[in-house]
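Below is one structure, written out as structure tokens, with a few remarks after it.
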There are 4 protein chains.
Amino acid sequence: MTEPLDTGPLDVPKLQRRLADFAAARDWQPYHTPKNLVAALSVEASELVEIFQWLTPEESTRVMDDPGTAHRVTDEVADVLAYLLQLCEVLGVDPLAALDAKIDRNERRFPAP
Amino acid sequence: MTEPLDTGPLDVPKLQRRLADFAAARDWQPYHTPKNLVAALSVEASELVEIFQWLTPEESTRVMDDPGTAHRVTDEVADVLAYLLQLCEVLGVDPLAALDAKIDRNERRFPAP
Amino acid sequence: MTEPLDTGPLDVPKLQRRLADFAAARDWQPYHTPKNLVAALSVEASELVEIFQWLTPEESTRVMDDPGTAHRVTDEVADVLAYLLQLCEVLGVDPLAALDAKIDRNERRFPAP
Amino acid sequence: MTEPLDTGPLDVPKLQRRLADFAAARDWQPYHTPKNLVAALSVEASELVEIFQWLTPEESTRVMDDPGTAHRVTDEVADVLAYLLQLCEVLGVDPLAALDAKIDRNERRFPAP
């Protein structure tokens, strides 16, 4: 019997499960030390920067107008998120709670005028 | 009358709303071009790398044992996610759907043995 | 009459001149703002990281044993240096003097045992 | 008898010797694997990006007008060069020859109009 297809809405734990299954099926876990995952995360973030490095600020606001560039941007966003979620998984960090708490702290640190 | 407190579970759209409100209240949107946001994202990813740069692979698996380092790691994870979500917001990219589609492509590209 | 070939030893000012001539001949100077050059520098540094991201510390010490990888490493080193020298040129910074002064400061900051 | 002061012009091999002596005197060589040095290099490159991340292209051309920012930029340039030269030392790469050969290749790859 196969597992029924999960047709509910996408969320972070579901994606983390898919990523963990994907890595396990290929025996990639030994490579996924926190040190290696942060390196891979920074490399993917730089691949996003590479798309924008010679653009003016105005040109950068229009990157999604070209379908090829839009696809490349979306692909790199996915890669950054993939490594961030895998890092959080191996470290036991809840990324949404971490960000929520950080916004709380920033609201105290930079009071709105 | 004030808005009732949202006590539902955290999710990505809710965090994107908090981030957008935070930036708008401080007039920071003019700085938030896609080009600047990807630069900030890569800087935050490097601040994560900095925590791990001199550690052995084994030491890197134990970073959460020290409360001070654990806090620093969690804080940088939040910063990376903050800029990634703000980038997605200004570009109109759905990060969870992007990652889900990318895992689909990777399953075809790297078939499990 | 063509310029006589410069057969003296390589040095930083000579390479900066070659880089400036190269960019000028292709009308690339408008792209070479300090902001863009530091982005390009960080992208090239990440391309070096990419070569090493999944290697163990021991494997990383042997990257030059494989001719293909050795060529890739040497090529990325050249790219990092190219953007660093072009950045220094547009900012009027002398990179060797900057490093010499920094080592002086570090000797005071981290006294040898 | 102490070594006579070297008062000749600064060059890359001299700086590499100072950096190697500095690291050896503090027993830092075990940390200086190629993998760690490229991570440190990319972190320092990002610290340069951080200075420029919210600036317009025009503002970025004027960073050296403010003495505090000029000092910070010069300091980060020194850090990038320090890790690049240490990486080249442990890998046996000659950075100036690598760049010279790269410019030769680029002249064939991107012929001037």
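The values are calculated or read from the model by the stated rules, or taken from the named source; none is laboratory data. Given the structure is predicted, the values throughout are model-derived calculations rather than measurements. Positions of Cβ are backbone-derived with ideal geometry, glycine not excepted, and every protein chain shown enters the neighbour counts. Only protein heavy atoms, including side chains, enter the accessible area calculation; ligands, DNA and RNA are left aside. Shrake-Rupley method; radii C 1.70, N 1.55, O 1.52, S 1.80 Å.
More than 22 Å apart: what percent of Cα pairs in the stretch D:12-106 qualify? Intermediate results must be reported in sequence, preceding the final value.
On the way: 1858 of 4465 pairs.
Result for the distance tail: 42 percent.
Mind checking the dipole of the protein assembly as shown: about its Cα centre, +1 per Lys or Arg Cβ, -1 per Asp or Glu Cβ, Debye to the nearest 20? Mind showing how you got there, number by number?
On the way: 44 positive and 80 negative charges, 0 e Å.
Here the protein assembly as shown has a charge dipole of around 0 debye.
Name the residue, out of B:L85, B:L37, B:L15, whose mean-square fluctuation peaks in a Gaussian network model built on chain B with Cα pairs under 10 Å.
Result for chain B, Cα springs under 10 Å: B:L15 fluctuates most.
Within chain A, what's the longest stretch lacking trypsin sites (Lys or Arg not before Pro) that sit in DSSP loops with no more than 14 other Cβ atoms inside 10 Å? Numbers along the way, then the final one.
Numbers: sites that count: A:R26, A:R62.
Result, exposed sites excluded: A:63-113.
Using θ = phi - 60° and the Karplus curve 6.51 cos²θ - 1.76 cosθ + 1.60, what whole-Hz ³J(HN,Hα) does each residue of the stretch C:28-42 get, with Gly and Pro shown as x?
Going residue by residue, I get 8, 4, x, 7, 8, 5, x, 4, 5, 5, 5, 4, 4, 4, 5 Hz, with x marking Gly and Pro.
Is the shape of the protein assembly as shown rounded, prolate or oblate, going by the alpha carbon gyration tensor and its root eigenvalues a ≥ b ≥ c, with a/c under 1.5 for rounded and a/b larger than b/c for prolate? Let's see the in-between values first.
Details: a/c = 1.63, a/b = 1.50, b/c = 1.08.
Prolate, because a/c is 1.5 or more and a/b exceeds b/c.
Of the candidates A:T33, A:T74, A:T61, which one comes out as most mobile in a Gaussian network treatment of chain A with C-alpha springs shorter than 10 Å?
A:T61
Tally up the carbon and sulfur contribution to the accessible surface of the protein assembly as shown as a whole percent, 1.4 Å probe, everything protein left in place. Mind dumping the intermediate values first?
Values: 12300 of 22880 Å².
Ligands and nucleic acids excluded, carbon and sulfur reach 54 percent.
Rolling a 1.4 Å sphere over the protein heavy atoms, what is the accessible area per residue of the protein assembly as shown, to the nearest Å²? All intermediate terms of the calculation are to be shown ahead of the outcome.
Details: 22880 Å² over 452 residues.
That works out to 51 Å² per residue.
List the residues, sorted by chain then number, that are 5 or more residues from A:L10 or on another chain and whose placed amide H is less than 5 Å from its amide H.
Close amide H contacts, sequence-distant or interchain: none at all.
Can you work out the FRET efficiency for the pair C:W28 and B:R72, with r the C-beta to C-beta distance and R0 = 56 Å, to the nearest 0.05? Mind dumping the intermediate values first?
Numbers: r = 40 Å, r/R0 = 0.71.
Working from the Cβ atoms, E equals 0.90.
How large is ³J(HN,Hα) for each residue in the stretch A:75-90, as worked out from phi by the Karplus curve 6.51 cos²θ - 1.76 cosθ + 1.60 (θ = phi - 60°), to whole Hz, x for Gly and Pro?
5, 6, 4, 4, 5, 4, 5, 4, 6, 5, 5, 5, 4, 4, 4, 6
Students often get this wrong, so check it: of A:K14/B:K102; B:K35/D:K102; A:K35/D:K14; A:K14/B:K35, which have C-alpha atoms separated by over 22 Å? Write out the running numbers ahead of the final one.
Working: A:K14/B:K102 14 Å; B:K35/D:K102 28 Å; A:K35/D:K14 33 Å; A:K14/B:K35 30 Å.
B:K35/D:K102; A:K35/D:K14; A:K14/B:K35, as the Cα separations exceed 22 Å there.
Please list, in order along the stretch A:95-111, the HN-Hα scalar couplings obtained from phi with the Karplus expression 6.51 cos²θ - 1.76 cosθ + 1.60 (θ = phi - 60°), rounded to whole Hz, x for Gly and Pro.
x, 5, 5, 4, 5, 4, 5, 5, 5, 3, 4, 5, 5, 7, 6, 10, x
Roughly how far apart, in whole Å, are the Cα centres of the stretch D:81-113 and the stretch C:35-60?
Taking the Cα centre of the stretch C:35-60 as reference, the centre of the stretch D:81-113 is 15 Å away.
Treating the beta-carbon of each Lys and Arg as +1 and of each Asp and Glu as -1, no other charges, what is the dipole magnitude of chain C about its Cα centre, to the nearest 20 debye?
So the dipole magnitude of chain C works out to roughly 460 debye.
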